Amino acid sequence: MQVHTRWQRALGLLAALGLPLLVNAQALLSGNQFLTPQLQAMQQDADANPVTLWVEKGQTLWRNGCQSCHNNPDTLRTSAAQHPRLVTRNGQTRLVNLEDQINLCRQRAGQSPKGVEDDDTLSLSALLHSIGKGQAMHVQAPADAAGQQRWQAELAQGAQIYATRLGRLNLACVHCHDGKVGAALRAEVVSPGHPSGFPVYRLNWQNLGSIDRRLRACYSGVQATLPPSGSPALRQLELYLKVRADGMPLDGPSIRR
């Protein structure tokens, strides 16, 4: 009931901003519910689940670095559910997701930043998502008027991307993740596309990947020009997806085909 109440509030926000209301209550389903029984069994078995390797590495990285500032990782239990968010650094404001934030922390500690798909970055992301499992996704606009205006503009851009036809296949996100939920597409069952299960270990990647990588794969799937990793468009789309799924619990890291 709480999930649907928060979902209704999210739809109210989108309506107030004049953004498309594309998702329905029946589609508030995690991607984990679309896994085969074999993949569900693998995901539930810590010894068979490859994600365990990244979570364990994240624990080691935490002890060797993050712990000096943040103590126990439980202090950041809600962090994964509350990104992306607006961050101002050196006079510039931009949307950052959790992997970006991990890199900002590196820079504050005097270290060189690493890529979004760097193994250390993904390991820390996997750790924080695993600790945040069960937390309701809820990204909020800043409290100040200027921040709210900027946040709403970023959200509007994300909604526009979601509804815009792209690539040689001339498809938008909405055509699959609202219009074809449950249908078979290229040997996969189409899910609503809610971002609750990231980062994900995809069998066809043989690796863990962030939401950034998955969104770029969707661009590739419709034969569109890929936005650069970490681009504003990807962060705007992620923001819209989080608002669209407001109130859903995190259930990642996950396995996908």
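The values are calculated or read from the model by the stated rules, or taken from the named source; none is laboratory data. Since we're looking at a predicted model, the values are computed, not measured. Heads up, the Cβs are rebuilt from the backbone with ideal geometry, glycines too, and the neighbour counts pull from every protein chain shown.
Details
- The numbered conditions (1) modelled with pLDDT under 90; (2) more than 20 Å from the chain's Cα centre (by Cα); (3) β-branched (V, I, T) are all true for T60 except (1).
- Selection within the range 1-50 - assigned to a helix (DSSP H, G or I) and at pLDDT 90 or above: G31, N32, Q33, F34, P37, Q38, L39, Q40, A41, M42, Q43, Q44
- Note on the range 92-120: residues that are of a type in the set (A, V, I, L, M, F, W, C), free of Cβ contacts under 8 Å to residues at least 60 places away in the same chain and farther than 19 Å from K57 by Cα total 2.
- Qualifying residues in the range 199-257 (those that are hydroxyl-bearing (S, T, Y) and within 15 Å of the chain's Cα centre (by Cα)) - the one farthest from Q33 (Cα to Cα): S231
- Residues that are at pLDDT 95 or above, assigned to a loop (DSSP other than H, G, I, E, B), out of contact with any Ser or Thr (no Cβ under 8 Å at 6 or more places or on another chain) and not polar (S, T, N, Q) within the range 170-200 comprise just one, P195.
- Residue among L76, L53, L86 that is touching a Ser or Thr at 6+ places or on another chain (Cβ under 7 Å), at pLDDT 95 or above and aliphatic (A, V, I, L, M): L86
- Residue that is over 19 Å from E154 (Cβ atoms) and polar (S, T, N, Q), where the choices are Q92, Q111: Q111
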